[in-house]
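What follows draws every value from the coordinates through simple rules; no lab data is involved. As the structure is a prediction and not an experimental result, all values here were calculated from the model. All Cβ positions, even for glycine, are placed from backbone atoms using ideal geometry, and neighbour counts span all protein chains on display.
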């Protein structure tokens with residue numbers, strides 16, 4: 001069986017999936033030996049699949065986890081069961097939390113955030129820094145030029161301290177850039193050095 | 001048993017235990033169950049909606065919906081797959097509503113039948129893992145993904161970012177396996193062209209924006 005470039009391009013994604021029959025697979029491999037262009041397509045596609053499959057691409061805005069947790073707490077029903085059940089469940093929760101903490105401490109030195117106010121980016125954001133918020137936004141920005149501001153017509157200027165007090169979170173784009181330019185607190189630097197730090201909430 | 005497999009099966013056992021306890025009346029454990037996947041659900045919502053605020057709202061709604069439907073989760077698929085499917089559906093519904101308000105067509109006419117021919121044939125070397133530490137690289141990858149049409153982006157995100165199987169991807173999107181394969185091929189080819197390296201074939205050898213938005 002002999003295949004041409006067009007045939008290879010049609011099947012190249014299936015080839016990467018291991019989803020072509022043995023005869024076609026052998027023919028494609030013969031073709032790759034001879035054809036530089038098709039090898040470029042194959043290698044490029046292999047690279048694309050590898051980089052987009054990397055967990056480091058999964059980034060969340062600062063404070064995302066704590067806001068999700070709060071939303072769930074506000075909307076989930078109360079627990080069922082009597083006092084004994086409550087005591088037993090509490091003891092079991094402690095056990096699980098203990099096991100998770102142990103696992104976390106083995107995997108990473110990044111401390112678990114107990115409250116949104118413990119967020120290092122927020123703590124290290126100067127409270128008197130002037131920032132802007134949009135009318136229906138949930139985050140505060142360093143200035144009106146941040147591309148993440150949707151409604152630039154209705155901006156309000158206030159201090160970062162006031163913005164956080166009102167429940168706004170730092171913008172993942174401009175505030176992160178601003179904080180990255182400032183020297184991080186020593187314990188945050190330590191967390192950044194930890195290879196596993198990216199596996200938890202991205203705090204950089 | 002290899003360490004990674006042991007860790008995986010321990011994680012799954014712990015997940016099953018959490019699900020059982022939540023169903024038995026401990027709803028406060030639900031965040032513990034969802035927490036390992038919160039980055040995944042945000043990524044899906046953001047890649048579909050391309051808006052930080054909407055993505056966050058949709059992630060929260062999807063988590064709440066998962067809680068409400070937890071009794072229907074049978075354990076045939078992984079919990080993560082089930083949660084990813086709920087989030088994708090929620091994001092698509094959100095987008096549909098937003099488009100309905102704008103009175104715009106959802107999609108351009110189907111163009112799956114026409115073939116996509118690769119345009120760039122520069123040599124590719126293996127992309128070094130450390131380039132993903134660079135913010136501008138992650139942004140360029142996100143930008144390239146955002147530029148794909150909805151139907152290609154959805155398939156690519158489920159299969160190549162979230163690692164669902166072809167069959168799970170088809171089921172989530174309500175399309176055939178053959179359509180998933182066709183769209184996946186096109187999405188991969190388009191992203192490859194968009195992110196094709198400059199002379200030298202390497203992402204790490206260049207830090208120049210001279211060629212546009214590609215920082216390699």
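Just a few scattered comments:
- Relative contact order of segment B:3-102, taken over Cα pairs closer than 8 Å and 6 or more residues apart, is 26 percent.
- With a 10 Å cut-off around each Cβ of B:24-33, the average count of Cβ atoms from other chains is 6.
- Descending by average beta-carbon neighbour count within 10 Å, the peptides A:56-62, A:6-12, B:180-186, B:94-100 line up as B:180-186, A:56-62, A:6-12, B:94-100, the highest first.
- Peptide-level mean, for B:188-195, of C-beta atoms on other protein chains within 10 Å: 6
- Gyration tensor verdict on segment A:5-53 (Cα atoms; rounded if a/c is under 1.5, prolate if a/b is larger than b/c, oblate otherwise): oblate
- Peptides B:116-129, B:156-169 ordered by average Cβ neighbours within 10 Å, highest first: B:156-169, B:116-129
- Neighbouring Cβ atoms from other chains, within 10 Å of the Cβ of residues in B:46-53, number 3 on average.
- When only Cα pairs below 8 angstrom with a gap of at least 6 residues are kept, segment B:28-181 shows a relative contact order of 23 percent.
- When each of the peptides A:157-166, B:28-37 is scored by the mean number of other C-beta atoms lying within 10 Å of its residues, the order from highest to lowest reads B:28-37, A:157-166.
- Computed as a quarter of the hull surface, the mean projected area of the alpha carbon convex hull for segment B:129-194 stands at 4.5 nm².
- Both radii come from the Cα set of segment A:125-183: Rg as radius of gyration, Rh as Kirkwood radius; their ratio Rg/Rh reads 0.93.
- Column: log10 I(q)/I(0), Debye, Cα scatterers of segment B:3-102, q = 0.12, 0.19 Å⁻¹: -0.42, -0.91
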